[in-house]
1. Taking the stated definitions as given, is LYS208 under 17 Å from ILE42 (Cβ atoms) and in contact with a helix residue (DSSP H, G or I) (Cβ under 9 Å, 6 or more places away or on another chain)?
2. Restricting attention to region 182-218, which residues are touching a residue at least 60 places away in the same chain (Cβ under 8 Å) and out of contact with any strand residue (DSSP E or B) (no Cβ under 6 Å at 6 or more places or on another chain)?
3. Considering each of GLN304, GLN314, GLN329 in turn, give the residue that is surrounded by 22 or more Cβ atoms within 10 Å (Cβ to Cβ) and assigned by TED's automatic domain parsing to the domain that holds THR164.
4. Kindly indicate whether any position in region 71-80 is within 18 Å of LEU206 (Cβ to Cβ) and at pLDDT 85 or above.
5. Yes or no: ALA41 over 30 Å from LEU339 (Cβ atoms), hydrophobic (A, V, I, L, M, F, W, C) and at pLDDT 85 or above?
6. So for region 143-163 (the condition being surrounded by fewer than 23 Cβ atoms within 10 Å (Cβ to Cβ), in the same structural domain as ALA335 (by TED's automatic domain parsing) and within 30 Å of PRO30 (Cβ to Cβ)), does at least one residue qualify?
7. Kindly check whether there is at least one residue in region 92-100 that is under 15 Å from MET234 (Cα atoms), surrounded by fewer than 18 Cβ atoms within 10 Å (Cβ to Cβ), in contact (Cβ under 8 Å) with a residue 12 or more places away in the chain and not hydrophobic (A, V, I, L, M, F, W, C).
8. Residues GLY55, GLY40: which one is outside the structural domain of LEU226 (by TED's automatic domain parsing) and farther than 30 Å from LEU206 by Cβ?
Amino acid sequence: MMIVMKPTATEKEVEAVIERVESVGARAHPSRGEEVMVIGAIGDAEHVQRLELEGFPGVDRVVPISKPYKLASMQFKHGERSVLDICGRKVGGQNFALIAGPCTVESREQTLETARVVRDAGATLLRGGAYKPRTSPYAFQGLGQEGLRLLAEAKAETGMPIVTELMDARDLDAVLEVADVIQIGARNMQNYSLLSEVGRSMRPVLLKRGLSATIDELLMAAEYILKEGNPSVMLCERGIRTFETAYRRATLDLMAIPILKELSHLPVIVDPSHAAGRRDLVLPLSLAAAAAGADGIIVEVHPQPEMAICDGPQQLVADEFADYVERVQAAVAVAGNVLSTV
């Protein structure tokens, strides 16, 4: 249920509504927009129906939310889109985020060189994996704590906010010391206990769609984070598994961009690197995503992709990244957006 407050509602009236919601065992999630204050009442449907808030002081109207994902729903924000502020860089609205960096942190030289290149080319955030989920248990799993230390050094030198993946709740504290955005990978999209832990951390989250997950399942996964009080979630389309496997790693679902933006107020990011699995496909997919109205792209860059420990064939060459950014900016402008920088 969504409780829309009157523009003239006082703080005391807002607090009274929140107390009423909590008195029936439900959770109150206040969200203040530019024009209206909305309070989401989340909990057992039978309890929420007993609220009887129509006519309550300061309440304009009560709107039931039909979708199972209440807080992620566009209804919850009363038609307003969420705009995240990550260390002064905006994501969402008309602010297009370019998240770039190596698939995995391999060495100090590789990490710092890539960080400098993507910063100079105008990237918004620096991505890099310290912990890597791999299909084979024998494949390189990341540098772990040392990888986090190198990301911290790259952040200190370049000033770029860090996006890095969390796989295990036991590593949360260590990741929080470095990460400005916590990435939840496709394999952990439905790891609900991990999602709840990340929600309680209050750190912005980049949530990737699972390989076989529906759009509703992605939104319900986001709900696990949002229900803990963390409003800063970005949805990421990274390609889904289909019958076609001969010519690409996965199938990038471009239709998910407008559909997610119709259903949800959360920013939508696209990962063309993992969808394609091929460097030559990354640019056309990036242009398509930007033109389709995505709120950002997360892309992999490496100084020497042919020498990369993992996912070399899909990583852009660092020396060519500035040209890539110039092409993407043109598509971003077509959609009426601008590249987000400080």
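The values are calculated or read from the model by the stated rules, or taken from the named source; none is laboratory data. None of these values were measured; they are calculated from a predicted model. Glycine gets a Cβ as well: all are built from the backbone with ideal geometry, and neighbour counts include every protein chain shown.
1. On the way: under 17 Å from ILE42 (Cβ atoms): no; in contact with a helix residue (DSSP H, G or I) (Cβ under 9 Å, 6 or more places away or on another chain): yes.
So LYS208 does not fit the description; no.
2. Across region 182-218, the qualifying residue is only ASP216.
3. Numbers: GLN304 fails: surrounded by 22 or more Cβ atoms within 10 Å (Cβ to Cβ); GLN329 fails: surrounded by 22 or more Cβ atoms within 10 Å (Cβ to Cβ).
Answer to the check: GLN314.
4. Step one: of region 71-80, the residues within 18 Å of LEU206 (Cβ to Cβ) are 71-72.
Filter once more, keeping what is at pLDDT 85 or above: 71-72.
Scanning region 71-80 turns up at least one residue that is within 18 Å of LEU206 (Cβ to Cβ) and at pLDDT 85 or above.
5. On the way: over 30 Å from LEU339 (Cβ atoms): yes; hydrophobic (A, V, I, L, M, F, W, C): yes; at pLDDT 85 or above: yes.
Criteria met by ALA41.
6. Looking through region 143-163, at least one residue is surrounded by fewer than 23 Cβ atoms within 10 Å (Cβ to Cβ), in the same structural domain as ALA335 (by TED's automatic domain parsing) and within 30 Å of PRO30 (Cβ to Cβ).
7. First, the residues of region 92-100 that are under 15 Å from MET234 (Cα atoms): 92-99.
Keeping just the survivors that are surrounded by fewer than 18 Cβ atoms within 10 Å (Cβ to Cβ) gives 93-94.
Checking the rest, the ones that are also in contact (Cβ under 8 Å) with a residue 12 or more places away in the chain come to 93-94.
If we keep only those that are not hydrophobic (A, V, I, L, M, F, W, C) too, we end up with 93-94.
Within region 92-100, one or more residues are under 15 Å from MET234 (Cα atoms), surrounded by fewer than 18 Cβ atoms within 10 Å (Cβ to Cβ), in contact (Cβ under 8 Å) with a residue 12 or more places away in the chain and not hydrophobic (A, V, I, L, M, F, W, C).
8. Working: GLY40 fails: farther than 30 Å from LEU206 by Cβ.
So the residue among GLY55, GLY40 that is outside the structural domain of LEU226 (by TED's automatic domain parsing) and farther than 30 Å from LEU206 by Cβ is GLY55.
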